[in-house]
Ligand code: DC
């Protein structure tokens, strides 16, 4: 049976991963955090000291990335081989490197198959993928496409709070600067830039809390795919 696909795209801090995880848990769907794939590539690039000019090595790395998503106690963990890298891929350094790595054609091309496979090879009824180009490039025929937006300051504030909660000391202005810089990279790159698909439904989350966004998308899933 063909699996339904729900694409949730947006910049960092728009709430897409929080919402996608909630929806996946609540509706018992397969969740794929595509940002974690680019972050894992970035971590490997750093560990193995691979030059971003070395296309051959990058291609081999992406095509063979030993990546696994595992649910442990209701939480999505990312494994590279046997190592749980869920925390290591979330540092500011890896965020910036993931943004750089994701602008390379060799990387994006090599990761298309993995994303298709992860979405289709599931025992669940449908997959939710969050990212930047899911509705435009990876699954242009997705059953439902959502594009989340929020202002720079709100997105930086969310990121800052997240870091504080994890006990990471951060400066708000630095977080704001890096948020803007990363989104500039992601939306101005030539390949698969962060962009709303024409048939995507845009939701601005500035004045909405998590529950409100959750119920809004849940009702859209019900209306469009009849999964709820
Ligand atoms: O969603 P995130 O912040 O974890 O993503 C990390 C980086 O990966 C982000 O800067 C852009 C890139 N990315 C991408 O180019 N395409 C995706 N589908 C997901 C992430």
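The values are calculated or read from the model by the stated rules, or taken from the named source; none is laboratory data. All values reported here derive from a predicted model rather than from experimental measurement. For neighbour counting, all protein chains shown are included, and Cβ atoms are generated from backbone atoms with ideal geometry for every residue, glycine included.
One table, with the values for the structure above:
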read-out: Residue ranges of helices (runs of 4 or more DSSP H) in segment 48-132 with at least 3 members more than 21 Å from residue 188 (Cα to Cα) and within 16 Å of the chain's Cα centre (by Cα); value: 105-120
read-out: Residues located in segment 164-179, provided they are within 13 Å of the ligand (Cβ to nearest atom) and over 18 Å from residue 15 (Cα atoms); value: none
read-out: Number of the exception - residue 56 against (1) free of Cβ contacts under 8 Å to residues at least 24 places away in the same chain; (2) within 13 Å of the ligand (Cβ to nearest atom); value: (2)
read-out: Tally, over segment 158-170, of residues that are loosely packed, with under 12 Cβ neighbours inside 10 Å and not in a loop (DSSP other than H, G, I, E, B); value: 1
read-out: Candidate set: segment 1-25, residues that are in a loop (DSSP other than H, G, I, E, B) and over 13 Å from residue 147 (Cα atoms); chosen: the one farthest from the ligand (Cβ to nearest atom); value: 1
read-out: Members of segment 180-196 that are near the ligand (Cβ under 8 Å from one of its atoms) and in contact with a strand residue (DSSP E or B) (Cβ under 8 Å, 6 or more places away or on another chain); value: 194
read-out: Any hit, segment 66-77, residues being at pLDDT 95 or above and crowded, with 18+ Cβ neighbours inside 10 Å; value: no
read-out: Count of residues meeting criterion [in contact (Cβ under 8 Å) with a residue 12 or more places away in the chain, within 18 Å of residue 18 (Cα to Cα) and not in a strand (DSSP E or B)] in segment 171-228; value: 11
read-out: Residue in segment 26-44 that is out of contact with any helix residue (DSSP H, G or I) (no Cβ under 8 Å at 6 or more places or on another chain), more than 8 Å from the ligand (Cβ to nearest atom), assigned to a helix (DSSP H, G or I) and over 18 Å from residue 117 (Cβ atoms) present; value: no
read-out: Residue check, residue 196 surrounded by 12 or more Cβ atoms within 10 Å (Cβ to Cβ), over 27 Å from residue 91 (Cβ atoms) and under 17 Å from the mean Cα position of the chain (by Cα); value: yes
